[in-house]
1. How much length would be gained if the chain were fully extended between Ala19 and Asp125, taking 0.36 nm per residue of separation minus their Cα-Cα distance, in nm to one decimal?
2. With a point put 7 Å past each Cα toward its Cβ, work out how far Gln26 is from Arg101 in nm, to one decimal.
3. What ranking of His53, His87, His31, His109 emerges when the number of other C-beta atoms within 10 Å of each C-beta is taken as an exposure proxy, fewest first?
4. Quick check: the angle from helix 59-74's long axis to the longest principal axis of the chain, C-alpha only, nearest 10 degrees?
5. Would you please calculate the Kirkwood hydrodynamic radius of the chain over all C-alpha pairs and express it in Å, rounded to one decimal?
6. Could you sort 33-44, 95-106 so that the peptide with the highest average Cβ count within 10 Å comes first and the rest follow in order?
7. Charges only on Cβ, +1 for Lys and Arg, -1 for Asp and Glu: so what's the dipole of the chain about the Cα centre, in debye to the nearest 20?
8. Amide H neighbours of Val138 under 5 Å, at least 5 residues apart or on other chains, H built in the peptide plane: list them.
Amino acid sequence: MTTIYCDTSVVVAYYVPEAHSAQAEQVLDGHPQRVISPLVLTEVSSAFRRKVHDKALSRADAQAAWEDFKQDVATGIFRLTELERRHYDHAAASMWQTKDRLRTLDAIHLAVADLDGFTMATADDLMAKVGKDLGIKVRWAGA
């Protein structure tokens with residue numbers, strides 16, 4: 001079975017209601033071998049907090065989703081892989097290989113998938129496009 005690297009967009013959509021939640025569930029539930037980086041932990045926390053600030057989610061619901069996610073990481077539903085210097089170097093080089101405006105953190109996510117041989121799971125349209133353009137296997141969970 002293919003191991004998928006889950007970016008923040010697909011993880012957030014999996015834990016809280018969003019436009020891409022059904023697709024995120026389908027992608028993640030179909031892949032028992034899921035990997036994230038510490039970057040995803042930080043970004044998910046930020047995304048949940050932003051939803052509270054924007055009044056898209058109650059604080060209680062956001063905190064419950066955050067706790068559920070952390071528990072799933074602790075029990076191995078999401079395996080944590082560490083970021084290394086090679087990921088950052090690859091991300092920097094990748095920015096010069098695309099005509100699209102690739103965001104820094106997205107380039108790091110793509111570098112992990114590319115260098116470590118994972119399929120990228122994302123609900124982000126631009127990241128899916130750039131990943132494919134760079135020759136990375138992508139499972140798009142968008143609508």
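1. Answer, rounded to one decimal: 36.9 nm.
2. 3.0 nm
3. His53, His31, His87, His109
4. That helix lies at roughly 50 degrees to the long axis.
5. Averaging 1/r across every pair of different Cα atoms and inverting gives 15.2 Å.
6. On the way: 33-44: 19.3, 95-106: 13.8.
With the highest mean Cβ count within 10 Å placed first, the list reads 33-44, 95-106.
7. Rounded to the nearest 20 debye, it is 240 debye.
8. Placed amide hydrogens put Met120 under 5 Å from Val138.
Any read-out appearing in this document is the output of simple, stated calculations on the displayed coordinates, not a laboratory observation. Fair warning: this is a prediction, and the values are worked out from it, not measured in the lab. Ideal geometry is used to build each Cβ from the backbone, glycine not excepted, and the neighbour counts take in all protein chains shown.
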